[in-house]
Amino acid sequence: YLAEQDVKRRSPGARALLLDEYGFVNETSTANVLGIARSHRAGTFGIPPRKRTLPGVSLAMVESLASRFLGAGAFDDVELSPADFVAHMGEIVVTSTPFCMLPVVKLDDMSIGDGKPGPLFKKLLAAWSEEVGVDIAEQARRFSKR
């Protein structure tokens with residue numbers, strides 16, 4: 001709660017990224033966070049170690065959808081600082097039940113990729129929308145106006 005209040009005071013509309021006790025990216029106060037690698041195993045997902053984060057139903061859905069495109073083993077546990085997370089990830093996504101998944105386009109004034117939702121995010125969002133028969137992007141827009 002305090003982290004969210006501090007971030008909103010400094011940057012309205014932003015969300016707090018919480019770090020673990022070692023200073024590595026962990027989660028937000030209400031969502032799981034994952035990155036889509038741009039190098040090494042490009043297109044694979046880097047997620048904070050699951051042993052240190054709360055399990056997420058929406059994260060599990062993204063993992064299921066991603067396995068269709070990338071095959072099994074597309075998710076790797078990673079321990080990265082926020083700066084390293086930005087440096088190694090071409091896309092960053094947060095997942096949570098109310099909005100399913102949203103792209104992160106900036107982290108601490110550092111643009112993620114080209115500063116726009118990335119192609120794998122769009123592909124996953126379309127697949128999720130098709131899977132559940134709901135336009136997830138429209139649902140998120142409605143949620144954001146509450």
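How much net charge surrounds S58 when only the other residues with a Cβ under 13 Å from the Cβ of S58 are counted, with Lys and Arg +1 and Asp and Glu -1? Don't skip to the end; give the middle numbers.
On the way: positive: none; negative: E27, E63, E131.
Around S58, the surrounding residues sum to -3.
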I want to verify the translational diffusion coefficient of region 13-98 in µm²/s; compute it with Stokes-Einstein, Rh as the Kirkwood radius over Cα pairs, at 20 °C and 1.002 mPa s. 165 µm²/s
Distance-filtered residues of region 126-146 - backbone nitrogen under 14 Å, label point 7 angstrom along T97 Cα→Cβ: none
For S11, what charge total do you get from the other residues with a beta carbon under 13 Å from its beta carbon, if Lys and Arg give +1 and Asp and Glu give -1? +1
Could you tell me which chymotrypsin sites (Phe, Trp or Tyr not before Pro) in region 49-138 are loop residues by DSSP with no more than 12 other beta carbons within 10 angstrom of their beta carbon? none
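Write down the accessible area per residue of the chain in Å², having rolled a 1.4 Å probe over the full set of protein chains.
On the way: 8310 Å² over 146 residues.
The answer is 57 Å² per residue.
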Can you tell me the convex hull volume per residue for the chain, based on C-alpha atoms, in Å³ to the nearest whole number? 111 Å³
With DSSP loop assignment and no more than 15 other C-beta atoms within 10 Å, the GluC sites (Glu not before Pro) in region 57-124 are none
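Lys and Arg at +1, Asp and Glu at -1: add these up for the other residues within a Cβ distance under 14 Å of S67 and post the number. Mind showing how you got there, number by number?
Values: positive: R68, K123; negative: E63, D76, E131.
Around S67, the charge tally is -1.
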Which residues' amide hydrogens lie under 5 Å from the amide hydrogen of A16, considering only partners 5 or more residues apart or on another chain, with H built in the peptide plane? S29
Only bridges with both residues in region 5-90 count here: give the DSSP antiparallel percent, nearest 5. 70 percent
At a 1.4 Å probe, what is the % contribution of carbon and sulfur to the accessible area of the chain? 55 percent
The chain, helix-only ellipticity at 222 nm - DSSP H runs n ≥ 4, -39,500 (n - 2.57), divided by all residues, nearest 500: -11000 deg cm²/dmol
Scattering from the C-alpha atoms of region 61-127 alone, worked out with Debye: what is log10 I(q)/I(0) at q = 0.15, 0.17, 0.23 1/Å? -0.51, -0.66, -1.14
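The values are calculated or read from the model by the stated rules, or taken from the named source; none is laboratory data. Every value quoted in this text rests on a predicted model; they were computed, and no experiment measured them. Virtual Cβ from ideal backbone geometry, glycine too; neighbours counted across all protein chains shown. Heads up: the accessible areas ignore ligands, DNA and RNA and are worked out on the full protein's heavy atoms, side chains in. Shrake-Rupley method; radii C 1.70, N 1.55, O 1.52, S 1.80 Å.
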